[in-house]
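None of the figures in this text is laboratory data; all of them are computed from the coordinates on show. Given the structure is predicted, the values throughout are model-derived calculations rather than measurements. Counting neighbours? That spans all protein chains shown, and the Cβs are built from the backbone with ideal geometry, glycine included.
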Amino acid sequence: MRTKRLGLSLRATLIATMVAVGCFRGTADEPEDPGVVRMDGTLGYEVIRAEGSEVLARLHIGSEDVGEIRRPPLNLALVLDSSGSMMGDPIDRVREAAKEILGILREDDHLSVVVFHSEAEVLVPNTELGDIDLGELRATLDGIEARGTTELAAGLAAGVTQIAQWPGEGATLKRVVLLGDGVPNSPTAVLPQAVRAAQLGIPITALGLGLEYDEVLMGQLAQTSGGTFTYVEEPDQVLAVFQREVTRLEQTIARGLQLRLRPGPGVELVEVVGHPSQPSGGAIALNLGDLTAGQEWSLVVKMTAPERRVGAMVELLDATLAFQDALGDAGAFERRVFLGARASDDDATVEASRNDDVHHAALEAAAASEVLAAIQMVRDGDPGAAVAFEAAAAMYDDAGPAYRDRAASLRRTQAVVRSAPPPEAAAALNVEHEAAMESQGY
């Protein structure tokens, strides 16, 4: 990271204070904060222009080393596409993966299984695994057949409902694992189910299989619910992806992360670059879902600062991260970061305080957002998609040498989409979509 150190008169340009609230260490009556979740903040410029300007800030959320983890019980719903397009090897692989996952779960975990074709079917209602006859359950899973159309919205709704039926005692990890390979019957009916899942604190792991699924919609399900997204290129990868997802859940250290951003006096929050972040009442709230050991979020906040007198300390941003401990069910805690900067009318002083890493992160996030928009334009038949792809590639160019491969990849994808057969074009778009989602933390 490139950090310019200023002279003594300029050193106090950035204030970053992190406070864990909701408990106090050493008290007999209140639980102790495990202290493994961390959040810090960095400004794009430690000194800002006195006449007012756009300001960038990067918030970094991660975890300390936690060693061995004993996770809370898992409340898992498998929501599986069994439409006609899954016929053959795909549905065979899904059946086998669903059966294999039983060997990974614990007896105190809860499992429900939903399939969707022309309608949704609850094959296994929400039940504690220790109370299930595994032989009967495997026979039920063996009976999954591919038929009909793709009623994804009803399937997702049923999965969320199954999880909500068992709130759990104390800490419980809730998760919908959704696998689909096609375009749903009613795409507009799907996203509201992700909103409902977010309201209930249920992240969605969205798995897109093959070439024909709606990658933009599946990505939006993950973003909206605070979940994750994975592109499953071939049916024989389904089992490994299922296993990896359950293993990742085993490493959960905090649940229900909610980030709230509040601007300082006269400051206007514009967006969290690359994330659904429409300000409401001047503030921005983001649902980040659960945090696993080793996972990191890097979020770039764009805001505008008002005119201030030279030398004034400008209060820019208060960030509060609220979460539930998942290591020992210790309760609810917070991390807080405050960012402020000195105002200057000297261009050289302002420029000397620039943090290139923050600006590069902003370009990367904006480019990823542009890629997702370009893919949607391709799906909509919008001829402007080529312009959007080139705009994203140019952003990666501007972000520096480390991003040149991404720029080159986008230009190759643009050429493939323009001239290659549909299957090859779809595969290229899926790869670009997964890369963009990964760079945004999903």
| request: Enumerate the helices in the chain for which the Kyte-Doolittle hydropathy averages -0.5 or more and the C-alpha atoms extend at least 24 Å along the helix's axis, using complete DSSP H runs. | output: 356-379, 422-439
| request: Compute the length gained on full extension between A312 and R404: take 0.36 nm times their separation in residues and subtract their Cα-Cα distance, giving the result in nm to one decimal. | output: 29.2 nm
| request: Specify, per residue and in Å³, the volume enclosed by the convex hull of the alpha carbon atoms belonging to the range 237-377. | output: 161
| said: Report the gain in length on full extension from D380 to R411: 0.36 nm times residue separation, minus Cα-Cα distance, nm rounded to one decimal. | reply: 9.2 nm
| What is the Cα centroid distance between the range 79-112 and the range 393-424, reported in whole angstrom? | 35
| note | the range 354-413: Kirkwood hydrodynamic radius (Cα pairs, Å) comes out at 11.5
| note | If N is the residue count of the range 44-95, its Cα Rg over 2.2 N^0.38 Å rounds to 2.48
| In whole Å, how far is the Cα centre of the range 282-357 from that of the range 234-272? | 18
| message | Over 5 Å intervals from 0, what percent of Cα-Cα pairs in the range 288-442 sits in each interval? | response | 2, 8, 13, 15, 13, 12, 12, 11, 8, 5, 2, 0, 0
| query | Going by a ≥ b ≥ c, the root eigenvalues of the Cα gyration tensor, does the range 89-130 fall in the rounded group (a/c under 1.5), the prolate group (a/b larger than b/c) or the oblate group? | reply | oblate
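How big is the range 172-252 by the Kirkwood estimate over distinct Cα pairs, in Å?
One decimal place: 12.9 Å for the Kirkwood radius.
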| field | Summed side-chain charge close to H117 - residues other than H117 whose Cβ falls under 10 Å, Lys, Arg +1, Asp, Glu -1 | value | -4
| message | For the chain, report the % of Cα-Cα distances exceeding 33 Å. | response | 41
| said: Once you keep just the Cα pairs under 8 angstrom separated by 6 or more residues, what percentage relative contact order results for the range 230-306? | reply: 35
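Using helices alone, what [θ] at 222 nm do you get for the chain, with -39,500 (n - 2.57) per DSSP H run of 4 or more residues, divided over all residues and rounded to the nearest 500?
-10500 deg cm²/dmol
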| request: Using a/c under 1.5 as the rounded threshold, could you call the range 92-249 rounded, prolate or oblate? The axes a ≥ b ≥ c are square roots of the C-alpha gyration tensor eigenvalues, and prolate needs a/b larger than b/c, oblate otherwise. | output: rounded
| field | Relative contact order of the chain, pairs being alpha-carbon contacts under 8 Å that are 6 or more residues apart, as % | value | 21
| said: One quarter of the convex hull surface, Cα atoms only: what value does that give for the range 140-198 in nm²? | reply: 5.2
| field | Cα→Cβ-extended label distance, 7 Å offset, between E250 and E296, nm | value | 2.4
| request: Take the chain, connect every pair of alpha-carbon atoms lying under 10 Å apart with a spring to form a Gaussian network, then pick out the residue of G62, G381, G311 with the largest mean-square fluctuation. | output: G381
